[in-house]
């Protein structure tokens, strides 16, 4: 949708990213939320809308009652797991642009390592009911998505070692980001190649995002209001979602060529159209990587490189801080932490404010993608 | 009346040693996974058609439980049937494949479940 930069992200907040937070998911949500509200220069009484994932366990009213939010006029959730990370911002911006709300708290918090781990299959208790996927062995995200990644890798001849060049880059960024779980822990390509198979022959352990405990929050408001608040203005230039016929958020196997990731191509097409920008105008990219192959698929589907050229683009260092398209500068979901894509969105805001741990010099635009939804942020 | 699941016929076929795919009674197009309506002509009536069982591997992976190394790995395949539908199955125990391999339908069991399985032998 064309937001014309009339909405903005005015505040960001997060907890530490750990493997065992030792506190409730509601507390993580409250800590991240109050940090974002205060970062914006607001108080809980200024918040009149809430937005999170369908999957978040934190009830909106429990969180509002915990924080001291007085009056919610607009409340919604988005469907689609991590792929809808940017959709939550699009929806919040839509509410703000329409006047339905003025300041929306967008949050996500969980104990995804010490509590329910996304990487584990459902507990095997008794006989599994036969179905078309899970019963065949597709019982974890690593396996479910690998059947899709394998097609892409086969088409363009990528090996697991090719993926390793992205992972090394992400871990370089994480190594110099104090908020990252893998702070000061860079890896070599050999480390990547020696890590154990999670899903042979596609993913090794180091190709997989982390399982993390933590929370992130963002405040979406109008450009007009954000301009008078505490932080440098970060306008939302455009935000888009895409769900195309015969696609599936997890079992995306049945269309002609699943490896092309047509939804990612579609969100980018929408964004280039509404913003008037093109891939060469983008200074930083934040790409939701639950697993390393998706970065390559997104680089191509979004139009940053022609089909089949992501391998060489990544290998030649173009995602590094001094490359053509610095990408996942916080270390990404592999290196910093996995807050369902939200920590890549808070990093995008930091890049636009000029205060990221790995700041890209003179960055004026950031392309943030969670695949089936995406947005472009700018500077005031 | 008990509600029938949209894919019941598929499993009934597997139990009888047949690979069945849904076929629209309105426009004759095959569709998989099973759905209650044809997305091309919106017809609600369909029948199931037995496939020849011949197919080509489109994608594959080794499924191995990440935290229970004692469970035997199995090869999961995404394949195109020669009739033009795509579906997920397993290879018979111990068989590995590569993309483009020709395979043949063969019912097998995994942990007591009858599943659509395939073999490269005789394909």
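Any read-out appearing in this document is the output of simple, stated calculations on the displayed coordinates, not a laboratory observation. Given the structure is predicted, the values throughout are model-derived calculations rather than measurements. Cβ placement follows ideal geometry from the backbone for every residue including glycine, while neighbour counts extend to all protein chains displayed.
Details
- Taking the DSSP bridge list for chain A and keeping only pairs wholly inside it, about 70 percent are antiparallel.
- Using alpha-carbon coordinates, inclination of helix A:25-40 to the longest axis of chain A, degrees: 60
- In whole percents, the pair-distance distribution calculated for chain B from its alpha-carbon pairs, binned every 5 Å from zero, is 2, 11, 19, 20, 18, 14, 9, 5, 2, 0.
- Using equal-weight Cα scatterers in the Debye expression, the normalised intensity of the range A:1-154 in log10 at q = 0.11, 0.13, 0.15 Å⁻¹ is -0.56, -0.73, -0.88.
- Stretched out straight at 0.36 nm per residue, the stretch from residue A:249 to residue A:4 would grow longer than its current Cα-Cα span by 85.3 nm.
- In this structure, residue A:71 and residue A:24 have a Cβ-Cβ separation that, at R0 = 30 Å, corresponds to a calculated FRET efficiency of about 0.75.
- Every pair of different Cα atoms in the range A:222-288 enters the Kirkwood calculation, which places the hydrodynamic radius at 14.6 Å.
- Taking the range B:8-50 and dividing mean pair separation by its residue count, relative contact order in percent (alpha carbons under 8 Å, at least six apart): 39
- Viscosity 0.890 mPa s, 25 °C: Kirkwood-radius Stokes-Einstein D of the range A:141-265 over Cα pairs, µm²/s: 137
- Enclosed volume per residue, in Å³, of the convex hull spanned by Cα atoms of the range B:8-50: 56
- Stretch gain in nm, segment residue B:2-residue B:54, where the contour uses 0.36 nm per residue and the Cα spacing is subtracted: 15.3 nm
- Helix axis angle, A:160-175 relative to chain A longest principal axis, alpha carbon, degrees: 30
- Pairs of Cα atoms nearer than 8 Å and 6+ residues apart set the relative contact order; for the range B:54-119 it is 33 percent.
- Sequence of A:202, A:12 once ranked by neighbouring C-beta atoms within 10 Å, starting from the fewest: A:12, A:202
- A Stokes-Einstein calculation at 37 °C with viscosity 0.692 mPa s, built on the Kirkwood radius of the range B:54-119 over Cα pairs, returns a diffusion coefficient of 272 µm²/s.
- Here the calculated FRET efficiency for residue B:42 and residue A:184, from their Cβ-Cβ distance with R0 = 60 Å, stands at 0.55, rounded to the nearest 0.05.
- Considering the protein assembly as shown, its Cα convex hull presents a mean projected area of 24.2 nm².
- Net length gained if the chain between residue A:230 and residue A:131 were fully extended (0.36 nm per residue, minus Cα distance): 30.4 nm
- Nearest-ten-degree value, helix A:262-275 long axis tilted from longest Cα axis of chain A: 40
- Once C-alpha pairs closer than 8 Å and six or more residues apart are averaged by separation and normalised to the residue number of chain A, the relative contact order reads 26 percent.
- Cα gyration tensor shape for the range A:185-252, rounded if a/c is under 1.5, else prolate or oblate: oblate
- Ranked list, fewest to most other Cβ atoms within 10 Å of each Cβ, for A:195, B:45, B:25: B:45, B:25, A:195
- Förster-model FRET efficiency, 51 Å R0, residue A:322 and residue B:27, C-beta, rounded to 0.05: 0.35
- Near-label residues of the range B:26-64 by backbone N, under 11 Å of a point 7 Å along Cα→Cβ of residue B:96: B:62
- Result for chain B in a Gaussian network model with C-alpha springs under 10 Å: among B:51, B:91, B:113, the largest mean-square fluctuation is at B:113.
- The range B:54-119 - share of DSSP beta bridges that are antiparallel (%, nearest 5): 90
- Most fluctuating residue given options A:29, A:85, A:97, as computed from a GNM of chain A linking Cα atoms under 10 Å: A:97
- Fewest-first ranking of B:118, A:304, B:110, using other Cβ atoms within 10 Å as the exposure measure: B:110, A:304, B:118
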